[in-house]
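The structure under discussion appears below in the form of structure tokens.
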Protein chains: 2
Amino acid sequence: MIAIKVPLVKNILEANDKISDLNKKFFDEKNVLVVNIMSSPGAGKTTLISNTINALKDEFKIGVIEGDIQSTYDAEKIAETGAQVVQINTGGACHLDGNMIRDTFDQLDFDNMDLLIVENVGNLVCPAEFQMGEDFKAMLLSIPEGDDKPLKYPLMFHESSVLLINKIDLLPYIECDVEKIKRESKKINPEIEIFEVSGKVGTGLVRWLNLLKEKIRQKNDPK
Amino acid sequence: MIAIKVPLVKNILEANDKISDLNKKFFDEKNVLVVNIMSSPGAGKTTLISNTINALKDEFKIGVIEGDIQSTYDAEKIAETGAQVVQINTGGACHLDGNMIRDTFDQLDFDNMDLLIVENVGNLVCPAEFQMGEDFKAMLLSIPEGDDKPLKYPLMFHESSVLLINKIDLLPYIECDVEKIKRESKKINPEIEIFEVSGKVGTGLVRWLNLLKEKIRQKNDPK
């Protein structure tokens, strides 16, 4: 079964890369910065995205694609911020891919958008394998998940440009070595930028917001 | 791409079901109770399994299969309990399947085993789709993951006979409606048995242990 599975997966990934390249061209033409947000279920993606929109919406036009297996729960929360939002229900699939993103193109107004935030399906494994045409990937790791995660799920850490260590407000109540997370993440991906944040308390977001602002401005004025 | 993917996945699942049926026959002949433990990354599977072994090891012979994408970190922790343990590294695959379990058959002594605990890869999506020949599935949901998880990841709740709501000691510090988790889980799966536990504090395990003891005895004395 392994012998059958590998080539199929490879074909799927190659087909996906082609569609993602087309998506990337489209986003570049529209000068829209696209970030793909990934994490385990319940690590705090939706809260981070809401906080990010609320902090940036006076300055930039923001769109969101919400990926979930089913339900529109997260899209409804994001809609409260006033951002354009589209929900993708994967109907069982454990990640978003380039094709699913392409299916939203007639439902979002990219001419009125500086930043597109894609919330991937909650999963620390598969989303890291699938490009979608994004400019960069950012991952959340919440400290209740434990400090062994870089060692056990290295691909996600390898593929992400940014690691947000979330729920840092829970540190007094949890055994988690944040320095170990940073050290192990840097071993896998020396270029990764790491921010400690708390979506609930709202602290620690400034560096993340500054990074987004800088990247949006670069994309709008590529020279 | 979706149109290509669906039949492939179906073939993989059908091939897996056949192997799992063979595994089930083998486990039944050996009178070994097999439980497949699933959850998101960092929900506390390894700690629960360690605690379970330590509580039952004087009464029953226990084996463990540890599933991880890479690393032998969890298997080393389990080995400290004195249980037989085998590590499966999936090398990227996001779940265990029947074939991987079969590959351990020459590495474990099933004639000296009453209970086999399989720790699946941390993932709230894909493991629920793949049988391995187990008697039943048990899932953990840790309360920092949030009370919306049954709604968003229903298949895992549907497939599991037991739900362990873990890290209940963190309730004072987290916004999580435990009654909502129970209510939504029962809607998806009215038969699911739900236990509130804390792997860290060690409380709440008695009902889980009693359930395992009863099932081991039934398996050893099928009549």
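None of the figures in this text is laboratory data; all of them are computed from the coordinates on show. Just so it is clear, the structure is predicted and the values come from calculations on it, not from any experiment. FYI the Cβ positions are ideal-geometry reconstructions off the backbone, even for glycines, and counts take in every protein chain you see.
Taking the label point as lying 7 angstrom from Cα along the Cα-to-Cβ axis, what are the distances from A:Leu209 to the corresponding position in the remaining copies, in ascending order and in nanometres?
Result, one decimal in nm: 5.0.
So what is log10(I(q)/I(0)) for the range B:67-223 at q = 0.09, 0.11, 0.16, 0.19 1/Å, when the Debye sum runs over its Cα atoms only?
Computed log10 I(q)/I(0) values: -0.32, -0.49, -1.07, -1.44.
Neighbour counts of other C-beta atoms within 10 Å: give me A:Ile216, B:Ile12 arranged from fewest to most.
Least crowded to most crowded, the residues run B:Ile12, A:Ile216.
How far apart, in nm, are two points set 7 Å out from the Cα along the Cα-to-Cβ line at B:Asp28 and at B:His158?
Inter-label distance under the simple model: 2.5 nm.
When chain A is turned about an axis onto chain B, which of its residues keeps its C-beta closest to that axis, and how many Å is it?
Smallest Cβ distance to the axis, with its residue: A:Pro144, 2.
In what sequence do A:Lys77, A:Lys10 fall when counting other Cβ within 10 Å, fewest first?
A:Lys10, A:Lys77
Once the principal axes of the Cα atoms of the range A:137-223 are found, what is the range along each, listed largest first in whole angstroms?
47, 29, 15 Å, listed from the longest principal axis down.
Grab the Cα-Cα distance for A:Ala15 and A:Gln218, subtract it from 0.36 nm times how many residues apart they are, and report the gain in nm with one decimal.
Result for the pair: 70.2 nm of gain on full extension.
For the range B:52-157, report the translational diffusion coefficient in µm²/s to the nearest whole number, using Stokes-Einstein at 4 °C, 1.567 mPa s, and a Kirkwood Rh over Cα pairs.
87 µm²/s
Treating the point 7 Å from Cα along Cα-beta-carbon as the label, what are the nm separations from A:Lys25 to the other copies, to one decimal?
5.4
Report the dimensions of the protein assembly as shown along its three principal axes from the alpha-carbon atoms, largest first, rounded to Å.
The principal-axis extents, from largest down, are 75, 47, 42 Å.
How far, in nm to one decimal, is A:Pro190 from itself in the other copies if the label point is set 7 angstrom along Cα toward Cβ? Shortest first, please.
6.1
Taking neighbour counts of Cβ atoms within 10 Å as a proxy for exposure, in what order, fewest first, do B:Asp169, A:Asp74, A:Asp103 appear?
In order of increasing Cβ crowding within 10 Å: A:Asp103, B:Asp169, A:Asp74.
Calculate for chain A the 222 nm mean residue ellipticity that helices alone would give, adding -39,500 (n - 2.57) per DSSP H run of length 4 or more and normalising by residue count, nearest 500 deg cm²/dmol.
Computed mean residue ellipticity for chain A: -12000 deg cm²/dmol.
Hey, which lysines would be in cross-link range of A:Lys57, C-alpha to C-alpha under 16 Å, not counting anything within fewer than 8 residues on its own chain?
A:Lys77, A:Lys213, A:Lys215
Any of A:Lys45/B:Lys187; A:Lys25/A:Lys61; A:Lys137/B:Lys45; A:Lys186/B:Lys152; A:Lys45/A:Lys219; A:Lys149/B:Lys30 with alpha carbons more than 30 Å apart? Name them for me.
Where the Cα-Cα span goes over 30 Å, the pairs concerned are A:Lys186/B:Lys152; A:Lys149/B:Lys30.
Less than 12 Å apart at the alpha-carbon level, and either on another chain or at least 8 residues along: which aspartates and glutamates does that give for B:Lys180?
Correct list for B:Lys180: B:Asp147, B:Asp148.
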